[in-house]
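Q: The structure that follows is given in the form of structure tokens.
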Amino acid sequence: MKKIGRREWMQKGVTSALGLSLGSTTLAKADITGQGEPEILQKQAWQTQLGKPVATFGYGQPAVQEANLQRRESPGLTRVSAASVAFTPLQGLFGTITPNGLHFERHHQGWVDVDPQKHRLMLNGLVKTPQIFSMSDLMRLPSVSRTHFIECGANTGLEWGNVAVPTVQYTHGMLSCCEYTGVLLSTLLDICGADLKKGRYVLAEGGDGSGMTRTIEMARALDDVIVAWGMNGEMLRPENGYPLRLVVPGVQGVSWVKWLRRLEVGDMPWASKDEAVHYIDLMPDGLHRQYTSIQECKSVITTPSGGQRLVHKGFNNVSGLAWSGRGKIKRVDVSFDGGNYWKTARLETPILSKSLTRFNIDWVWDGGSAILQSRAIDETGYVQPNIRELRAIRGTRSIYHNNAIQSWQVDPDGEVSNVQVG
Ligand SMILES: Nc1nc2c(c(=O)[nH]1)N[C@H]1C(S)=C(S)[C@@H](COP(=O)(O)O)O[C@H]1N2
Ligand SMILES: [Mo]
């Protein structure tokens, strides 16, 4: 890989700032043919007749031309009974909010239809008054609405083993970000009179057939955990836990228990299967790392990304997502030469804690080979590692918690593919 010096890049930067390559290619087309643009000059069929009446039939749908933008199951993963994953199409999304019909899905035993009229949440254990709440009991309590990302601990898992999955949908698509509405768990613990001296943990239990249970430390439970029914302004979708799920900001998806039916206050971690046996990391010394919860700082370029093709030489906006389970994103650097030279990207606002942050950066593609990477830094100062640095500490036998820098190779024909550098 050729090393590109700082001076050469600064010269390219000047071209980009003047907007020359962008302006001239677009305008030249009409000038050269001298015939004008038919899409502008001629009246289109839909301009000569009445439009359709209001779209009041059923639930509003995207344009038919966008039908390809869907959650998909990875062709490389086998489906074990009803234990399945459908990935969010990150390559086709803008900004930071995941539309509800594109939120990723991860079910350990399929998703279930729960009747909200019959649904109950029990809070028991080390509390003064154990309680059973109906949905209407919960929904009259003081509520909060907060935007957070959710990422499965297994996201980007195949990259540990050097398997270059083709698209960002499959490398990073167990990631979504929504505005969730619900009651703070601290409010419910307060109502039930949780024993905060002896009660050091809270167990969350789901209502599906997977026996999903996870332990949450009391400090976190009292901080920002939400018992949520709302997602992006409407009720949760059935596949995402309707009518009730736990939102555990910054923590891996498995703790965001869906179809939430019970919370128990206890004095010890439960060591349930989903924390003692699953979602653990086999370290190089043969020991298992258990009870990891926080998703460390991570980022990925979504445009352009694997499987896409650049069609315009010259100016191209490069865009991606950054997030950290420890707070806000402070900075994102982007490299176009496989990590030799880094340039700081623009962060779109607002920058929210434990939420996705969108970054953008100008790029003038010279039509040659390039390797695109992004590296995020969070407000604690933590710097996203590359895969070599991560493997040096964590070995190669993990499945979970891979937050390494992602590399996309651009070929001279514009094809973008997944490569591992370092
Ligand atoms: N009850 C229950 N809760 C669950 C699961 C499940 O299978 N059952 N899957 C967990 C896992 S592993 C993840 S990553 C997230 C996925 O949430 P989503 O399907 O809304 O994206 O839900 C978690 N909560
Ligand atoms: Mo997960």
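None of the figures in this text is laboratory data; all of them are computed from the coordinates on show. Being a predicted model, the structure only gives us computed values, none of them experimental. Note that we place each Cβ from the backbone using ideal geometry, even for glycine, and neighbour counts take in every protein chain shown.
Q: Multiply the residue separation of LYS43 and ARG309 by 0.36 nm, subtract the distance between their alpha-carbon atoms, and state the gained length in nm to one decimal.
A: That pair, LYS43 and ARG309, stretches by 92.6 nm at full extension.
Q: Also: At R0 = 45 Å, how high is the FRET efficiency between ASP190 and ARG346 if r is their beta carbon distance? Nearest 0.05 is fine.
A: 0.60
Q: When the Karplus curve 6.51 cos²θ - 1.76 cosθ + 1.60 is applied with θ = phi - 60°, which whole-Hz ³J(HN,Hα) does each residue of segment 132-141 get, with x for Gly and Pro?
A: Using θ = phi - 60°, the values come out as 10, 9, 8, 4, 6, 4, 6, 6, 9, 7 Hz.
Q: Tell me the Rg and the Dmax, in Å, that the Cα atoms of the chain produce.
A: Values for the chain (Cα only, Rg and Dmax): 24.1, 82 Å.
Q: So how far apart, in nm, are the two label points at GLU73 and PHE94 if each is 7 Å from Cα heading toward Cβ?
A: Inter-label distance under the simple model: 3.3 nm.
Q: Quick one: order SER398, SER145 by neighbouring beta-carbon count within 10 Å, fewest to most.
A: SER145, SER398
Q: Counting helices only, and only those DSSP H runs with n ≥ 4, report the 222 nm mean residue ellipticity of the chain as the sum of -39,500 (n - 2.57) divided by its residues, in deg cm²/dmol to the nearest 500.
A: One gets -4000 deg cm²/dmol as the mean residue ellipticity at 222 nm.
Q: Which angle from 0 to 90°, rounded to the nearest 10, does the C-alpha axis of helix 20-33 make with the longest principal axis of the chain?
A: Approximately 60 degrees, to the nearest 10.
Q: Straight distance only, please: which aspartates and glutamates reach the Cα of LYS330 with their own Cα at less than 14 Å, same-chain residues fewer than 8 apart left out?
A: GLU296, GLU348, ASP378, GLU379
Q: Between LEU287 and VAL419, what is 0.36 nm times their sequence separation minus the Cα-Cα distance? Round to one decimal in nm.
A: 44.5 nm
Q: Sticking with this one: Mind checking which of VAL257, GLN169, GLY286 is farthest towards the positive end of segment 100-289's charge dipole, using Cβ charges of +1 (Lys, Arg) and -1 (Asp, Glu) about the Cα centre?
A: VAL257
Q: Here is a further query. What is the sum of charges, Lys and Arg at +1 and Asp and Glu at -1, for the other residues whose Cβ falls under 14 Å from the Cβ of VAL300?
A: The answer is -1.
Q: Just subtract the alpha-carbon distance of ASP267 and LEU141 from 0.36 nm times their residue separation and send over the number in nm, one decimal.
A: 42.7 nm
Q: Here's a follow-up. Rg to Rh ratio, segment 79-218, alpha-carbon atoms and Kirkwood radius?
A: 1.02
Q: Excluding residues fewer than 8 places away in the same chain, name every one of the aspartates and glutamates whose C-alpha is closer than 13 Å to that of LYS128.
A: Here the aspartates and glutamates satisfying the reach criterion relative to LYS128 are ASP190, ASP195, GLU264.
Q: Counting only the backbone N, which residues of segment 266-289 are under 18 Å from the spot 7 Å out from the Cα of GLU217 toward its beta-carbon?
A: Under 18 Å, as judged by backbone N against the label point of GLU217, lie 266-272, 275-276, 280-281, 289 of segment 266-289.
Q: Under a plain spin-label model, where a point goes 7 Å from the Cα along Cα-to-Cβ, how far apart in nm are ASP115 and LYS52?
A: 3.5 nm
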